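Taken together, the values in this text are just the output of simple stated rules run on the coordinates, not laboratory data. It should be emphasised that the depicted structure is a prediction, and the values quoted were computed from it without experimental measurement. Please note: Cβ atoms are built from the backbone with ideal geometry, for glycine as well, and neighbour counts cover all protein chains shown.
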Protein chains: 2
Amino acid sequence: MKKVVALSGGVGGARFVHGLSRALEAAAETVDLTVIVNTGDDFEHWGLHVSPDSDTVMYTLADLAHEERGWGLAEESFATLEMVRRYAGDDWFQLGDRDLATHILRTQGLRRGETLSQVTARLAGALGIRAHLVPMADGPCRTMIDTRDRGTLSFQDWFVRHRAAPEVRAVRFEGDPPPAPAVIPAIEAADLVVFGPSNPYVSIDPILSLPGVRAALAGRKVIAVSPIVGGRAIKGPLGTMIPELTGAPPTAAAIARHYGSLLAGIVVERGDEGGFEGPVAVHACDTVMRSRADSLRLAREVLAFGGFEVPDAITRSITP
Amino acid sequence: MKKVVALSGGVGGARFVHGLSRALEAAAETVDLTVIVNTGDDFEHWGLHVSPDSDTVMYTLADLAHEERGWGLAEESFATLEMVRRYAGDDWFQLGDRDLATHILRTQGLRRGETLSQVTARLAGALGIRAHLVPMADGPCRTMIDTRDRGTLSFQDWFVRHRAAPEVRAVRFEGDPPPAPAVIPAIEAADLVVFGPSNPYVSIDPILSLPGVRAALAGRKVIAVSPIVGGRAIKGPLGTMIPELTGAPPTAAAIARHYGSLLAGIVVERGDEGGFEGPVAVHACDTVMRSRADSLRLAREVLAFGGFEVPDAITRSITP
């Protein structure tokens, strides 16, 4: 059986793995899919453990995600939040009523002694998800944003409360947990590893920062999907972070440069093929995912580029 | 300033203290009201600390309670519960979305190191409640039901999951916390203590079981409102518990007998004046509370019976 591993942050990565899981279901042979999700954005809110990226991937794979909003569940309500406001409680982070069930059951599981990996697998399984959804670590590893004018902020504080406005000086990770038990074995067994079209600094780097992950990846075929399209980030603060952190313009080539020798190839938007250095293979296609059909098509391109036999995918492969 | 203390369980007690707070606002002089609430029914659900009686009193005093259902909030929704079901989580206890805000903020407060008294005062204050709402204890004291056929059950297990059907052999309290800091001082300073029309075994006895409470009450003027009307409990399992636990029929006199020498007087439904023993003063009036007007009228009767000058209350007093 072939094995594919995807590294993912939130919305972009989630949409991509949705396409990936559908593409693999239609593949010529059985393929095992493991999604390793960034937990650097995890935080405690209302005393509950919230895993934003993990939940976005889970809801997206279960076809429960709110498509336009990019976070939370479709058909969501906010009655608890409204009552929390009445109690003068924290209301800067919007947790929906249905979404709350996830945080409540996760927190209950963790307090009972389950690991984050175990809780995540249990919840994803209950929603009928067949891919292995794996948090990058069971222990805390928190993404911290060093800003120019506001000091150091936790990721959610910077991203949600301050709307990602404060200029970023550096991104750091606090806490040094081992990767979750499934992470290294999954990477070591992978025929293909894909970095989803997620923010490299705050979504993929937290995973890469964990001990042993870069070493495990070094022996694998790794393809990234560029989150930069035509010089802009599809979503989120990446378009300004690249110049703030590197001084270079936000291009697909800057993404490849960031990942360096880890990458065998990168999939970019048509027109973004310029500026690449070194031996990285570049494949250009339509990468913007506006629909599930787009995600499926992109996933097929990536799989074919990665050497998989994918029905209906018309593309070239980096492996002969 | 005069001081009144009420001991309360859930719905009946909550309705009574609602009337009491309104009656005292209209009293001839400023009166301080402290409501000591049973926490023997408290339990953990979904990893959250739920205080059913405390919440019923709080919601009722804030005019937010669901009038017919007898628990929870008016205009409630159950989106979180529906999602918990989808995760195959516990769904035997119905927590509404707005109600959840209370349990979430309470649990968060407790985990941060606030006492139950502090959290309760903070939440009640945020809802605009002027009475002092005091949980009977900050530490756990759990009401356990010894049943004939099902062994020993926690109160919620017996009451909600088993619908109070298993025959009761005995009621016990597990845990031996001191009363909450405000309990004994409030009783010792009280000009009048009222036991609301609550179940004596599972709502008032937990409070009386705490060290020092009976001794403090011994020096006070204590009036009970009978929860038995015409040989039946208005609500809940008391009608069957009295014969199961004492062999005697469920009467107002059985309530007075249960409290014994603690009581100076008891307020009963008209027609329930029979069978009393000893020196307890009995006052009969309409005690069934179908509306807020009923609660207010009953509270005025009780206050006047307790020696307060209450405008518009036409009744006799046990104190000259």
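General observations
- Inter-label distance, nm, simple model (7 Å from Cα along the C-beta direction), A:A248/A:R85: 4.5
- Cα-only Debye scattering, region B:2-305: base-10 log of I(q)/I(0) at q = 0.14 Å⁻¹: -1.05
- Three-way shape call for region B:154-257 based on the alpha-carbon gyration tensor, with the a/c threshold at 1.5: oblate
- Estimated FRET transfer efficiency (B:E277, B:T152; beta-carbon r; R0 45 Å; 0.05): 0.90
- 7 Å along Cα→Cβ, label-point gaps from B:E277 to other copies, nm, shortest first: 9.8
- Secondary structure note: in region B:2-305, about 35% of the DSSP beta bridges are antiparallel.
- The protein assembly as shown: C-alpha gyration tensor shape, a/c 1.5 cut-off, then a/b vs b/c: prolate
- In this assembly of identical copies, the label point of A:R130 (Cα plus 7 Å along Cα-to-Cβ) is separated from its counterparts by 6.5 nm, sorted shortest first.
- Computed [θ] at 222 nm, deg cm²/dmol, chain A (DSSP H ≥ 4; -39,500 (n - 2.57); rounded to nearest 500): -9500 deg cm²/dmol
- R0 of 45 Å, Cβ-Cβ distance A:S291-B:E67: FRET efficiency to nearest 0.05: 0.40
- Axis proximity, chain A to B: residue whose C-beta lies nearest, plus whole-Å distance: A:D97, 2
- Shape of region A:68-221, Cα gyration tensor, a/c cut at 1.5: oblate
- Shielding by partners for peptide A:102-111, expressed as the average number of C-beta atoms from other protein chains within 10 Å of each residue's C-beta, is 5.
- In this label model, A:A218 and B:R163 are separated by 6.7 nm, measuring between points 7 Å along each Cα→Cβ vector.
- Looking at region B:1-130, the DSSP beta bridges with both ends there are about 35 percent antiparallel.
- Each copy carries a label point for B:G230 at 7 Å from Cα along the beta-carbon vector; from one copy to the others these points are 7.7 nm apart, nearest first.
- Label-point gap, in nm, between B:R270 and B:R111 - each point 7 angstrom along Cα→Cβ: 5.4
- Share, in percent, of DSSP beta bridges within the protein assembly as shown that are antiparallel, nearest 5: 35
- Taking trypsin sites (Lys or Arg not before Pro) in DSSP loop conformation with at most 13 other Cβ atoms inside 10 Å as exposed sites, chain A has its longest uninterrupted site-free stretch at A:164-269.
- Loop-located chymotrypsin sites (Phe, Trp or Tyr not before Pro) in region B:50-97 whose Cβ has at most 11 other Cβ within 10 Å (DSSP): B:W92
- The calculated FRET efficiency for the pair B:R130 and B:A74, based on their C-beta separation and a Förster distance of 30 Å, comes to about 0.90.
- Mean-position separation - Cα centroids, region B:207-268 and region B:5-34, in angstrom: 19
- Per-residue average of Cβ from other chains inside 10 Å of A:283-289: 0
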